[in-house]
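First up is the structure itself, then whatever we jot down about it.
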């Protein structure tokens, strides 16, 4: 779309965008839209006063993101890859499974190759519980998503945060998972396939809400820190 065509589009406020989405996504909120922007999934325009303004293309993109979350149970990092790819079908064959489906595994050498990390760094992450390792047939195996864990930990290490400093993330994740488990465990253990499916859907919804809440609370604390 040319610049002239874009400029002729009617611009929408975040409140209007939220109301447009509510008929399909009843749990949408202004804070969730802002969170998706913070995650780099949206780039709305800004007025001179700093107010967000969205185009119809932004609204369509946001609708796609929310549908991928709701219908395919995809984490945001994967959604970012899908919407950035010229051909989404090429990406979908590489997507991690939804909740309830076993994740593909990689060997230690494959993990190192994918992440670009050193064996010593991976060993430290494993030692401090940041990787989910399983030993089978005499070799270590990791879920594919651990390659992304290694990459993010390596980025944090560039700021001086060693693997031993990152145990707090592991502890926080364990506590949050245990809390959500209390809500969905009865459904996930039910004999009815329909009840288990509903439990998985509830788990995804809870995960999205918990992720959004964690990001908002962290952002609040960091804004307080930056204010001095």
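Please treat every number below as a calculation from the coordinates, not as lab data. All figures in this text were calculated on a predicted structure; none of them were measured in a lab. Cβ sites come from the backbone with ideal geometry, for glycine too, and all protein chains shown count toward neighbours.
Counting only C-alpha contacts under 8 Å and six or more residues apart, can you give the relative contact order of the chain as a whole percent?
Values: 178 pairs, mean separation 30.2, N = 228.
That works out to 13 percent.
To the nearest 0.05, what FRET efficiency results for residue 173 and residue 13 with a Förster distance of 41 Å applied to their C-beta separation?
Numbers: r = 35 Å, r/R0 = 0.86.
E(calc), rounded to 0.05, equals 0.70.
Calculate the spin-label point distance for residue 211 paired with residue 195, positioning each point 7 Å from the Cα along the beta-carbon direction, and give it in nanometres.
Output for this residue pair reads 2.8 nm.
Can you give the Rg/Rh ratio of the chain, where Rg is from the C-alpha atoms and Rh is the Kirkwood radius?
On the way: Rg = 20.1 Å, Rh = 20.3 Å.
When Rh is taken as the Kirkwood radius, the ratio is 0.99.
By its C-alpha gyration tensor, with a ≥ b ≥ c as the square roots of the eigenvalues, how is the stretch 116-179 shaped: rounded for a/c under 1.5, else prolate for a/b larger than b/c, else oblate? List each step's numbers first, then the result.
Details: a/c = 1.92, a/b = 1.10, b/c = 1.75.
Taking the square roots of the gyration eigenvalues as a ≥ b ≥ c, the stretch 116-179 is oblate.
Provide 191, 140, 32 in ascending order of the number of other Cβ atoms located within 10 Å of each residue's Cβ, fewest first.
Details: 191 6, 140 17, 32 21.
Listing 191, 140, 32 from fewest to most nearby Cβ atoms yields 191, 140, 32.
Quick one: divide the alpha-carbon radius of gyration of the stretch 105-227 by 2.2 N^0.38 Å and tell me what you get.
Compared with the compact-globule rule of thumb, the stretch 105-227 sits at 1.27.
Mind pulling the per residue volume of the convex hull built on the Cα atoms of the stretch 8-92? Å³ is fine.
105
Provide the FRET efficiency to the nearest 0.05 for the residue 80-residue 164 pair, computing r from the beta carbons and using R0 = 35 Å. Before the final figure, lay out each step's value.
On the way: r = 29 Å, r/R0 = 0.83.
Rounded to the nearest 0.05, the efficiency is 0.75.
Run through all the Cα pairs of the stretch 153-222 and give the fraction in each 10 Å bin from 0, expressed as whole percent.
18, 35, 28, 15, 4
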